[in-house]
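Since the structure comes first, as structure tokens, the remarks are kept for the end.
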Amino acid sequence: MFEHLMLRPPHNVIWNLFLAFIPVVLALIVARGAREDVRRSNRVRWWLWTPVLLVWLVFLPNTCYLLMEWRHYITDLTASRISYNARDNHEALAGLLVSTGFYIIYSGAGLLSFFLAIWPLERLARARLGPVLAWGKVAGFLLCSLGVYLGLVYRFNSWDLVHRAGLNRIFTVIVNSMLAPFTATLIVGFAAILWVLYLGFDIWMDGFAWRMSRRARERNQEDDEISS
């Protein structure tokens, strides 16, 4: 069966998941730190958290970039003809199922990281930013989509922004990409897909939080009735 597997190299998978996990950790740190600031002094130390948010934004595209890993699956599937062999070969069928499951879990982990990297910060910003939050999300999804495009097509990494030469080249590529109608449409289209996916996750999380709070109220009411 192993000869029919279409998996990514382990070191590549671990590295990509590590990069995707970074913005999740940063989001949790900022959200918790900002809440502590409000609790202690009713003011957020933006001078402290803004640099962290910039690093968070730079690494955020690494989360949804894992959705692009399906290109390796499609390439390997076409080159190996495993889908044809799976009709008569049980080992090929098992390899195809395992490989498909791997890519579902792999890209799903990236998508979940994308959700978890945004959701804590959005909850924090809802009460303070109001209508401005919607425009911030639009800009964030567009920048994230642009980051995926830069990494996928031009092989830029998040840390290339630190180098002056890399920064100048990135700026040139961004300008040229935005002036190309087809490329700009792809970037906007992928940003729209990310927005729809996140909206579904946000609705689910709000519903989950509502159900948990309702259960807590019902449990408290039962405890009050028992105690009385």
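Compute the FRET efficiency between Phe208 and Val162 as 1/(1 + (r/R0)^6), taking r as their Cβ-Cβ distance and R0 = 30 Å, and round to the nearest 0.05. Intermediate values should be presented prior to the final figure.
Working: r = 39 Å, r/R0 = 1.28.
Once rounded, the FRET efficiency stands at 0.20.
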What distance in nm separates the simple spin-label points at Ile174 and Ser41, each placed 7 Å from Cα in the Cβ direction? 3.1 nm
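Gain in length, Glu91 to Val196, computed as 0.36 nm per residue apart minus the alpha-carbon separation, to one decimal in nm? Provide the component values of the computation, followed by the final result.
On the way: separation 105, 0.36 × 105 = 37.80 nm, distance 3.77 nm.
Going from the current span to full extension adds 34.0 nm.
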Matching label, log10 I(q)/I(0) by the Debye sum over Cα atoms at q = 0.11, 0.16 Å⁻¹ computed from the structure shown, candidates (i) -0.61, -1.36; (ii) -0.72, -1.19; (iii) -0.61, -1.13: (ii)
Could you list His11, His72 so that the one with the fewest beta carbons within 10 Å of its beta carbon is first and the one with the most is last? His11, His72
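I need to check one value: relative contact order of segment 2-227, counting alpha carbon pairs closer than 8 Å and at least 6 residues apart, in percent.
With pairs under 8 Å counted, the relative contact order is 23 percent.
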Please list, in order along segment 183-200, the HN-Hα scalar couplings obtained from phi with the Karplus expression 6.51 cos²θ - 1.76 cosθ + 1.60 (θ = phi - 60°), rounded to whole Hz, x for Gly and Pro. 5, 4, 5, 4, 5, 5, x, 5, 4, 5, 5, 4, 5, 5, 4, 5, 4, x
Please list, in order along segment 138-153, the HN-Hα scalar couplings obtained from phi with the Karplus expression 6.51 cos²θ - 1.76 cosθ + 1.60 (θ = phi - 60°), rounded to whole Hz, x for Gly and Pro. 4, 5, x, 5, 5, 5, 5, 4, 5, x, 5, 4, 5, x, 6, 8
Most mobile listed residue (Val148, Val44, Val52) in the chain, GNM with C-alpha springs under 10 Å: Val44
Amide H within-cut-off set for Phe156, under 5 Å, with H built and near neighbours excluded: Gly151
Based only on other Cβ atoms within 10 Å, what is the fewest-to-most ordering of Phe156, Phe208? Phe208, Phe156
With the contact rule set at Cα under 8 Å and sequence spacing of 6 or more, what percent relative contact order holds for segment 103-205? 32 percent
Degrees, to the nearest 10: 164-179 long Cα axis against longest axis of the chain: 80 degrees
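No lab work stands behind these numbers, since they all come straight from the coordinates. Keep in mind that this is a model prediction, so the values were computed, not measured. In this analysis, Cβ positions are derived from the backbone assuming ideal geometry, glycine residues included, and neighbour counts consider all displayed protein chains.
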